[in-house]
1. Looking only at the stretch 2-14, how many residues end up being part of a strand (DSSP E or B) and of a type in the set (D, E, K, R)?
2. Restricting the search to the stretch 84-97, which residues are within 20 Å of the chain's Cα centre (by Cα) and of a type outside the set (Gly, Ala, Ser)?
3. Checking GLY207 against (1) buried (at least 18 other Cβ atoms within 10 Å of the Cβ); (2) touching a helix residue (DSSP H, G or I) at 6+ places or on another chain (Cβ under 8 Å); (3) under 17 Å from LEU44 (Cα atoms), which test does it fail?
4. With the requirement that a residue be surrounded by 18 or more Cβ atoms within 10 Å (Cβ to Cβ) and under 19 Å from GLU165 (Cβ atoms), what does the stretch 225-250 give you?
5. Find the residue count for the stretch 75-98, including only residues that are over 21 Å from ALA49 (Cβ atoms) and free of Cβ contacts under 8 Å to residues at least 12 places away in the same chain.
6. Scan the stretch 191-222 for residues that are within 14 Å of the chain's Cα centre (by Cα) and among the polar types (S, T, N, Q) and jot them down.
7. Can you name the condition, by its number, that ARG97 falls short on among (1) of a type in the set (D, E, K, R); (2) surrounded by 18 or more Cβ atoms within 10 Å (Cβ to Cβ); (3) modelled with pLDDT under 90?
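The values are calculated or read from the model by the stated rules, or taken from the named source; none is laboratory data. These figures come from a predicted structure and were not determined experimentally. Cβ placement follows ideal geometry from the backbone for every residue including glycine, while neighbour counts extend to all protein chains displayed.
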Amino acid sequence: MMITLKNTNFSYKNTPVFTDFTWQVQRGERWALLGPSGCGKTTLLYLLAGLRFPEEGELAIDGDMITRPRPETGLILQEYGLLPWATVEENVGLGARIHSFYGADGVHAPSHETHVTRNLSAWLERLGLENLSSKYPSQLSGGQRQRTAIARTLSLNPDLLLMDEPFSSLDALTRADLQNLTLELCSEENLTLIMVTHSIEEAVIMGRKILLLGNPPNKKPMIIDNPFAGKEGYRNSRDYTELCQNLRRQMEHA
């Protein structure tokens with residue numbers, strides 16, 4: 001078991017968001033979190049990242065209760081989080097430098113040396129950034145900035161990848177390209193993926209399981225299986241179209 005939430009309660013500004021909420025994620029699964037604005041998608045992601053904490057109930061990853069951000073969790077935000085005064089290469093290497101500063105104590109940084117000794121140049125090449133390594137974020141396109149953020153995160157060899165609407169500001173072709181790339185990387189690195197999105201179509205492309213949240217408080221998870229996600233040609237299939245239509249109906253009547 002990778003992630004376990006059990007009887008979890010969380011409120012935001014005295015408004016219940018999750019009440020007695022129980023949900024489980026198996027290692028290696030790919031999940032999309034979908035629902036209307038304000039339903040708690042990003043809140044749930046921040047709980048998993050150890051940036052917020054349940055008021056009641058349990059939240060554990062690999063059997064360990066989450067009391068702080070864990071070193072093996074990678075978080076990619078919508079606005080990339082790049083340092084504007086640092087080059088692509090420096091941004092990609094930032095996480096490794098921070099981990100090196102703390103030391104491999106298993107609390108602030110992973111206890112496994114391979115987490116901080118991965119070849120950064122290999123990630124620059126894998127993400128198509130090798131010719132941009134000396135550029136600054138202001139000199140990059142949105143897609144290139146997002147590739148830099150992905151390279152920085154994956155260079156630390158996480159086992160859990162959390163993404164908060166990472167492609168929402170990109171054009172359609174760039175978004176599709178990075179969706180495909182993310183799916184490839186998750187398969188190659190055996191990552192557990194949990195991704196927040198407002199887009200029904202993106203949720204159906206990215207998540208083999210979709211967690212559909214409604215207007216808060218969320219009490220019982222609504223889970224939709226999507227076994228064909230990631231398969232070649234799925235975007236143009238009848239199964240894809242029918243699931244998008246079904247999700248749209250469910251959201252309209254939630």
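1. Looking only at that region, the number is 1.
2. Pass one, the stretch 84-97, residues within 20 Å of the chain's Cα centre (by Cα): 91-96.
Those that are within 20 Å of the chain's Cα centre (by Cα) and of a type outside the set (Gly, Ala, Ser): ASN91, VAL92, LEU94.
3. Result: GLY207 fails condition (2) only.
4. Within the stretch 225-250, ASN226, ALA229, LEU247 meet the criteria.
5. Final tally of qualifying residues: 1.
6. Result: THR192, THR197.
7. Of the numbered conditions (1) of a type in the set (D, E, K, R); (2) surrounded by 18 or more Cβ atoms within 10 Å (Cβ to Cβ); (3) modelled with pLDDT under 90, the odd one out for ARG97 is (2).
One line per residue, one yes/no per condition, for (1) surrounded by fewer than 18 Cβ atoms within 10 Å (Cβ to Cβ); (2) closer than 28 Å to ARG27 by Cα; (3) modelled with pLDDT under 95; (4) under 21 Å from the mean Cα position of the chain (by Cα):
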site	(1), (2), (3), (4)
ASN119	yes, yes, yes, no
LEU127	no, yes, yes, yes
GLU130	yes, no, yes, no
GLN146	no, yes, yes, yes
ALA149	no, yes, yes, yes
SER155	no, yes, yes, yes
ASP171	yes, no, yes, yes
